[in-house]
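Single-structure report; data block below.
The values are calculated or read from the model by the stated rules, or taken from the named source; none is laboratory data. All values reported here derive from a predicted model rather than from experimental measurement. Quick reminder, even Gly has a Cβ in these numbers, built from the backbone with ideal geometry, and neighbours come from all protein chains shown.
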Amino acid sequence: MSEALIDCEYHVAAPDLQLLLPYMEKSWAARFVRSRFSLPLGREHPGGGSLTEGSSLPDPATAGAALAAGTRAALLVPHQVMPVAGWTDTLLCSVYATALNRYVREHWIPADRRFRMAIAISPHEPELAADEIDRYGEDVSAAAIVMPLLATHLGQTHYRPIFKAAARHRLPVIVHPSGREGTIVGTPVLSGMGPRHAGEYHSLIWQAAVTNIASLVYDGVFIDLPDLRVVFAGFGFEWLPGVLWHLDMEWRSLRIDIPWVTDPPSVYVARHIRIVIDDLGLTPPEASRQIANMLAEGLLMWGSNSPFATNSAAEVLDAMPEKLRAKVAFGNAAETFGSRLLTEALA
Amino acid sequence: MNGVSKVSPGVGTGLSKPVAAALSIVDCDFHPFVPLQEVIARMPARARRSVQVSSYAAVLGREHNRFLIPTGEPLRLDAVPTRGGLAGSDPAFAVADYLDRWGIAAAVMMPIQAMGVIAWAAEEVVNSYLAAMNDLFLEMWHAEDPRFKMLISVSPHDPDAAVREIERLADKPGVVGFQIPMGEIGLGSSAMFKVYAAAAHFGLPLVLHPNSVDCSLQNSPSCAGRVTRSYAEHHVLLSQPGQGAATQLVMSGALERFPTMRVVLAEFGFSWVGPMMWRMDTAWQRGGGADGLLPRPPSEYLLNQLRFTTQPYDEPGNPRDLVPILDSMQAHRTLVFSSDYPHWDTDRPDVVLRRLPVELRERVAKQTAMETFGTRLGL
Amino acid sequence: MDNDRVRAGVVDEFVLNRFRVVDTPAGAIGVVRTTDGFYAVLNRCPHMGAPVCVGTDLTTSTVASRPFEYRLAHEDRVVRCPWHRWEFRVDTGESIGNTTKARLLRFPVIVEGAEVFVQYRAARGAAARVKETPQ
């Protein structure tokens, strides 16, 4: 009997713009076509990597059967929304995200009762994003929100309508790399990096998560919105202990300036932040286990990163300490995403 | 006991006597000041007019009101010299208050006052300002006590000028390395190679440091994201420009090209080193890094050629958690002691060395620094 | 005179909220006069051993509030370390904002007429302060 799994990061994509156009007003659809909008390739993972030659994007009709054995629920992440971070027509970004969601809702959700959608939003227009979240507020097929990061840090007021809507509907917000960080103006800078060598992006992308965790905690977002959860997927996790030590250390020194932070920052992280492990890379498994042991037990969750997976669920779980395996595989995601994830009643 | 035994409103009261007599320490991040009016007086008249000094301590660099410091002062409030002035402005006082107290055998001077030149457009002004400052550090600090070791500050804008300044000063007694305020030329850029070649010729390590205009000046490394709202948020991200520098130096192939080059990343922390090294190796294995030109995994260059300082020393709730972190970066050969004296977030030498695993103490206190800076330390 | 106390000066020598540091067999101790009497704490921050009484007068801090509100509190009762700016109540020795369980070590102060003494053997659980005796 396989271990029960919840897949927190299963990538889905629309293979062709024609599939999205029916989900826009006609005038917008015409504009997408007229201006030669280029649909981001579903075959390319926005954080790096692409499908190998000969392999194809998963198809809704067959994808369910190909889920890892033991999967009880899979969160569908429409990763084609990530590149909006680098686009400037912010209204177009929202129209596009809405179309992606309708595509996923109609093509994917009915295909397997374990599928749940992460509502794709563009962070450029927070009020429009909040409207999009509200549209799925009562839909049990939606269990999360997903968006890329802008240069503006998540603690700043820009994002507040998104977070308020997320907290209102108890929908965790997943952030995921867009692949534009460090190169495209308007997306997060990566420190020291320009458009240079490919490896620099992978080496530094975790910085964007660190910055935004610091911003969320120090600027008191979780004090205003105690029901909010923010999930970082695709940034790794092995850097987290040192970051938590520094967050707590600076707070001990500088609390006078952020007095609303009444608990150590690491406590807010344990309560409100989650990390999806979707790629082990060359981190030695023993080091992964040691590092995971330093973290709160509810923090880490497994995501397959399918169809771009580099590790099997078994490999990821083997790199976790024994006491955390069931939590990483299932329990933490069940707690974080709540009843919508596992309910049988689908619209 | 009767009567007032000693009433000391002054400096350093209550710190214990030198504990480290048995352990002589090399401090790889010590911050002295020189009087800027004196620096400016030594510059050519035309250049002099374009230097604006915002205070005794600093040239105009960071926009002052960005992420204001919550308690107003970035220096140790107990390290004010007896004769007055800023903490770190009086060599004789620093000898007594710091070198002698803790058994510091060598203190590598990192001149924060050099950093503001990142914002300056006129290259000749930059060059004359840094040259005058370099001379003054030698005359005022190294001459006062040879334990104060000199880093040559070189222009971030003009590699040819940087080479000339290295050539001018490399053989002066007391010079142990050089420093570049990180600016618009990436450290992995081939434009920097002539500077690295000159440094390699003289055997001078490069020391990099948060430049106090990080995340402020357009031409200086930003934090990830873009703009931090508060000083607390800024300060927790202080290590990011160092992470960027390490990545550039390794992944560009600069370290591969200059195998004798050593780079000390001062005050950028260290608990990220092991985890980032694994990420670099992963990226390399998947085809990234110098566009596939690196013949060996990035971790090899990092471990062989980059050095990291202890301050700000991590304070995990469970001190044992540091052990695997130190192991992952092979701290016995990559970690060197630093105090950041007299800045507010300084680390006390005996406290930090005592918190290290016992087998690392001698290595971190002195040995690895001696291997890095070589005989120039004179130890 | 007892053997367990050290003279810290005369009352008039104390500037309000400014420490005078005296050497005692128990280590250097900072003695300070406030509007509600004298206090004494070991001149040693529990964090890194910095001279916690040197460099700043007793000061004021902030307390829990909604994000972006700053409510002043602990007026003139805060010892702020000159190094990492850790903050403690001078009267209880506890950290402001519960940032650490570590406390300042406190000592009783005796005022006899114009003379101020600190009882250096009576640290920890002992009363942290003694009211000024009426002249």
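Observations, loosely collected:
- Options A:Val173, A:Val104, A:Val146; residue that is more than 20 Å from A:Ala14 (Cα to Cα), crowded, with 20+ Cβ neighbours inside 10 Å and at pLDDT 95 or above: A:Val173
- Positions within segment B:164-184 being outside any helix (DSSP H, G or I), farther than 30 Å from B:Cys223 by Cβ and among the charged types (D, E, K, R), in sequence order: B:Asp171, B:Lys172
- Enumeration of residues in segment A:269-293 that are out of contact with any Gly (no Cβ under 9 Å at 6 or more places or on another chain) and either closer than 30 Å to C:Cys81 by Cα or among the polar types (S, T, N, Q) (or both): A:Val269, A:Ser288, A:Gln290, A:Asn293
- In the set (1) under 24 Å from B:Ala232 (Cα atoms); (2) under 21 Å from the mean Cα position of the chain (by Cα), the condition left unmet by A:Pro259 is number (2).
- Beta carbons closer than 6 Å, at least 6 apart along the sequence or on distinct chains, pair a first residue in segment B:223-244 that is at the interface with chain A (Cβ under 7 Å from one of its Cβ atoms) and in contact (Cβ under 8 Å) with a residue 12 or more places away in the chain with a second that is aliphatic (A, V, I, L, M) and surrounded by fewer than 22 Cβ atoms within 10 Å (Cβ to Cβ) for B:Tyr231/B:Ile69.
- Single condition B:Pro259 does not satisfy, out of (1) more than 25 Å from A:Leu240 (Cβ to Cβ); (2) in contact with a helix residue (DSSP H, G or I) (Cβ under 7 Å, 6 or more places away or on another chain): (2)
- Subset of segment A:298-323 (residues that are more than 12 Å from chain B (Cβ to nearest Cβ), among the hydrophobic types (A, V, I, L, M, F, W, C) and either in a helix (DSSP H, G or I) or within 17 Å of the chain's Cα centre (by Cα) (or both)): A:Leu299, A:Leu300, A:Met301, A:Trp302, A:Ala309, A:Ala313, A:Ala314, A:Val316, A:Leu317
- Conditions (1) modelled with pLDDT under 95; (2) in a loop (DSSP other than H, G, I, E, B); number of the one not met by B:Gln311: (1)
- Only listed residue being aliphatic (A, V, I, L, M), out of contact with any Asp or Glu (no Cβ under 8 Å at 6 or more places or on another chain) and free of Cβ contacts under 8 Å to residues at least 12 places away in the same chain, chosen from A:Ala61, A:Ala30: A:Ala30
Listed here are the residues, each with its yes/no results for (1) closer than 26 Å to B:Leu217 by Cα; (2) buried (at least 22 other Cβ atoms within 10 Å of the Cβ); (3) basic (Lys, Arg); (4) in contact with a Phe, Trp or Tyr (Cβ under 9 Å, 6 or more places away or on another chain).
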site	(1), (2), (3), (4)
B:Asp135	no, no, no, no
B:Phe148	no, yes, no, yes
B:Ser155	yes, yes, no, no
B:Gly186	yes, yes, no, no
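- Every residue from segment A:237-267 that is in contact (Cβ under 8 Å) with a residue 40 or more places away in the chain and facing chain B (nearest Cβ under 7 Å): A:Glu238, A:Pro241, A:Ile258
- For C:Thr59, the conditions (1) more than 10 Å from every other protein chain (Cβ to nearest Cβ); (2) surrounded by fewer than 20 Cβ atoms within 10 Å (Cβ to Cβ) all hold with the exception of (1).
- Within segment C:9-23, the residues that satisfy the criterion of being more than 7 Å from chain B (Cβ to nearest Cβ) and touching a Lys or Arg at 6+ places or on another chain (Cβ under 9 Å) are C:Val11, C:Glu13, C:Phe14, C:Val15, C:Leu16, C:Asn17, C:Arg18.
- Residue in segment B:250-272 that is farthest from the chain's Cα centre (by Cα), counting only those that are part of a helix (DSSP H, G or I) and at the interface with chain A (Cβ under 9 Å from one of its Cβ atoms): B:Met251
- When A:Thr187, A:Thr183 are checked against the criterion of being surrounded by fewer than 22 Cβ atoms within 10 Å (Cβ to Cβ) and either under 27 Å from B:Arg286 (Cβ atoms) or modelled with pLDDT of 95 or more (or both), a single residue qualifies: A:Thr183.
- Residue count for segment C:57-68, restricted to those that are farther than 12 Å from C:Phe88 by Cβ and out of contact with any helix residue (DSSP H, G or I) (no Cβ under 6 Å at 6 or more places or on another chain): 7
- Criterion applied to B:Asp327, B:Asp340, B:Asp345, B:Asp350 was being closer than 29 Å to C:Val52 by Cβ and either part of a helix (DSSP H, G or I) or among the basic types (Lys, Arg) (or both), and the one residue passing it is B:Asp350.
- Residues that are away from chain B (no Cβ under 12 Å) and surrounded by 16 or more Cβ atoms within 10 Å (Cβ to Cβ) within segment A:274-297 comprise A:Arg274, A:Ile275, A:Val276, A:Ile277, A:Asp278, listed in sequence order.
- Condition check for B:Val213: more than 13 Å from chain A (Cβ to nearest Cβ), crowded, with 22+ Cβ neighbours inside 10 Å, of a type in the set (Val, Ile, Thr) and part of a loop (DSSP other than H, G, I, E, B): yes
- Complete set of residues in segment B:325-336 that are more than 14 Å from chain A (Cβ to nearest Cβ) and either closer than 14 Å to B:Val358 by Cα or of a type in the set (A, V, I, L, M) (or both): B:His332, B:Val336
- For A:Met117, the conditions (1) part of a strand (DSSP E or B); (2) more than 30 Å from A:Arg36 (Cα to Cα); (3) hydrophobic (A, V, I, L, M, F, W, C) all hold with the exception of (2).
- Qualifying positions in segment A:189-211 - in contact with a Pro (Cβ under 8 Å, 6 or more places away or on another chain), in contact (Cβ under 8 Å) with a residue 40 or more places away in the chain and at the interface with chain B (Cβ under 7 Å from one of its Cβ atoms): A:Ala208, A:Thr211
- Strands (runs of 3 or more DSSP E) lying entirely in segment C:1-108 (those with 2 or more residues that are at pLDDT below 95 and under 10 Å from the mean Cα position of the chain (by Cα)): none
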